[in-house]
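Enquirer: Here you go, one structure.
The values are calculated or read from the model by the stated rules, or taken from the named source; none is laboratory data. In this text the structure is predicted, and so the values were computed from the model without any measurement. Every residue, glycine among them, receives a Cβ derived from its backbone with ideal geometry; neighbour counts consider all protein chains shown. Surface areas here come from the heavy atoms of the whole protein model, side chains and all, with no ligands, DNA or RNA. Shrake-Rupley method; radii C 1.70, N 1.55, O 1.52, S 1.80 Å.
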Amino acid sequence: MISAPTVEETGRLPLVIYVLAVGVFLMGTTEFVVAGILPEIAGDLGTSIANVGLMITVFAIGMIVGTPAMAILTLRVPRRVTLSSALVVFAIGHVIVALSSNFGLILGARFLTAVATGAFWAVAAVVGAKAAGPASSSRALGIVLGGGMLANVIGVPLGALAGQSIGWRGPFWALAALALVAAAVVHRLVPADTDSGAVPSWRAEIASLRDERIWLVLSGCAVVCGSSLAAYSFISPLLTENTGLAASAVPLVLVGYGLGAFVGSNLGGRLGAKHQYGVLFVSAAMTFLVLGALCLFSHNVIVTVILVVMLGLFGMSTNPILIGMAVRYADQAPTMASALSTSSFNLGTAVGSWIAGFAFASSLGAAGPVLVGTGVAALYFLPLMILLRKERTKRTAAEVVN
């Protein structure tokens with residue numbers, strides 16, 4: 001029997017990688033579409049912009065809690081069933097938001113949607129990495145996660161434009177419909193599980209997370225999103241109040257951010273395969289410098305737009321590398337490691353956007369969230385330096401043994 005050509009032989013990734021990227025695209029859109037229509041939601045619901053920012057915070061909390069929990073609960077469920085079911089629950093959550101005027105119920109629906117999103121992201125990363133093989137896993141994860149970055153290029157700006165034109169509920173109806181279509185496609189195209197042997201228990205998964213390097217990577221995941229997304233969560237008022245842009249121009253700037261994030265995620269995935277620490281440290285330094293510059297120059301239109309694009313480019317370039325490292329260090333618990341990576345990203349988002357909300361409501365105004373992001377970005381170097389030191393220690397010990 002002639003075996004199918006490998007990714008290394010053909011240079012082409014399996015179709016399933018791109019199917020998963022579509023699902024991530026929808027979920028990336030819903031997480032941050034709120035950032036582009038904060039004033040519209042606040043005006044309709046009769047609450048403050050800072051309160052509406054809780055829709056992003058609660059979503060992040062849902063992923064923090066839901067991602068590892070769903071990773072454990074779905075261990076014995078076929079992966080394609082988990083992926084398609086998550087999309088159905090995702091659609092239901094959006095219908096609830098689109099129909100409700102009760103802010104508490106809307107926050108609850110956002111939490112439910114986030115739990116489904118966390119389940120999808122955790123399993124999608126594992127399916128994508130396994131389909132591509134070890135040598136191409138970073139590249140595959142860059143494309144899968146690139147779906148979320150592409151959401152910032154197309155989904156979030158279109159959602160913001162639609163929310164301003166036809167009402168903020170319109171994007172939620174559209175996402176619900178698209179998720180149902182995606183659920184059918186994912187169930188059809190994602191292959192059945194082929195892993196042989198017994199399915200590990202949750203105790204076995206957790207026991208495989210003893211490598212302290214995993215936790216350093218996870219802390220890096222939290223800081224990455226805590227810095228970039230503290231600023232991004234309140235990007236709309238920053239652009240309209242400080243920079244002086246019209247609300248109608250905000251979606252265009254969001255496109256620029258999304259393009260930067262999309263390119264950064266893909267480049268990070270490609271370059272990280274050979275120069276992971278180089279990419280991590282350069283991206284950390286540039287994210288800190290970009291946020292610091294944004295604090296100083298947010299009243300200059302041209303400079304601000306350039307800095308927002310650069311924030312997307314450098315702020316999101318490390319994500320595929322960090323997830324790939326976590327999955328590699330926890331080779332006996334890839335689903336749990338992927339889930340915890342997603343959870344850590346959203347821990348950073350939740351804490352960053354929550355503190356940014358207080359900063360926005362303070363005398364700092366729209367510049368407050370950017371200042372919070374700059375402070376968080378400075379923390380990124382600590383886990384990276386400790387991780388690099390431990391890697392070198394392990395490498396030296398292995399060389400001595402050999």
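Enquirer: Taking the range 243-283, which residues are modelled with pLDDT of 85 or more, more than 21 Å from Gly148 (Cβ to Cβ) and touching a Ser or Thr at 6+ places or on another chain (Cβ under 8 Å)?
Expert: Thr243, Ala246
Enquirer: Please find, within the range 286-299, the residue that is farthest from Val376 (Cα to Cα) out of those that are more than 20 Å from the chain's Cα centre (by Cα) and among the hydrophobic types (A, V, I, L, M, F, W, C).
Expert: Among residues in the range 286-299 that are more than 20 Å from the chain's Cα centre (by Cα) and among the hydrophobic types (A, V, I, L, M, F, W, C), the one farthest from Val376 (Cα to Cα) is Phe297.
Enquirer: Which one is farthest from Phe120 (Cα to Cα), of the residues in the range 148-165 that are under 17 Å from the mean Cα position of the chain (by Cα) and at pLDDT 80 or above?
Expert: Pro157
Per-residue answers, yes or no, for (1) modelled with pLDDT of 90 or more; (2) open to solvent by less than 10 Å² (accessible area, probe 1.4 Å):
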{"position": "Ile323", "(1), (2)": "no, yes"}
{"position": "Arg328", "(1), (2)": "no, no"}
{"position": "Asp331", "(1), (2)": "no, no"}
{"position": "Asn346", "(1), (2)": "no, yes"}
{"position": "Trp354", "(1), (2)": "no, no"}
{"position": "Gly365", "(1), (2)": "no, no"}
{"position": "Gly368", "(1), (2)": "yes, yes"}
{"position": "Gly375", "(1), (2)": "yes, no"}
{"position": "Glu391", "(1), (2)": "no, no"}
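Enquirer: Considering the range 259-303 alone, what residues qualify as being surrounded by fewer than 23 Cβ atoms within 10 Å (Cβ to Cβ) and among the β-branched types (Val, Ile, Thr)?
Expert: Val263, Val282, Val301, Ile302, Val303
Enquirer: Among what's in the range 166-219 and is hydroxyl-bearing (Ser, Thr, Tyr) and open to solvent by less than 50 Å² (accessible area, probe 1.4 Å), pick the residue that is modelled with the highest pLDDT.
Expert: Residue satisfying both the conditions and the ranking: Ser219.
Enquirer: For Arg80, state whether it is in contact with a His (Cβ under 7 Å, 6 or more places away or on another chain), in contact (Cβ under 8 Å) with a residue 40 or more places away in the chain, open to solvent by 30 Å² or more (accessible area, probe 1.4 Å) and part of a helix (DSSP H, G or I).
Expert: So Arg80 passes the test.
Enquirer: Restricting to the range 58-77, what's the tally of residues that are among the polar types (S, T, N, Q) and either open to solvent by less than 10 Å² (accessible area, probe 1.4 Å) or touching a Cys at 6+ places or on another chain (Cβ under 8 Å) (or both)?
Expert: The number of residues fulfilling the criteria is 1.
Enquirer: Also, quick follow-up: Name the residue that is nearest to the chain's Cα centre (by Cα), counting only residues in the range 304-347 that are closer than 24 Å to Phe32 by Cα and not in a helix (DSSP H, G or I).
Expert: The selected residue is Met316.
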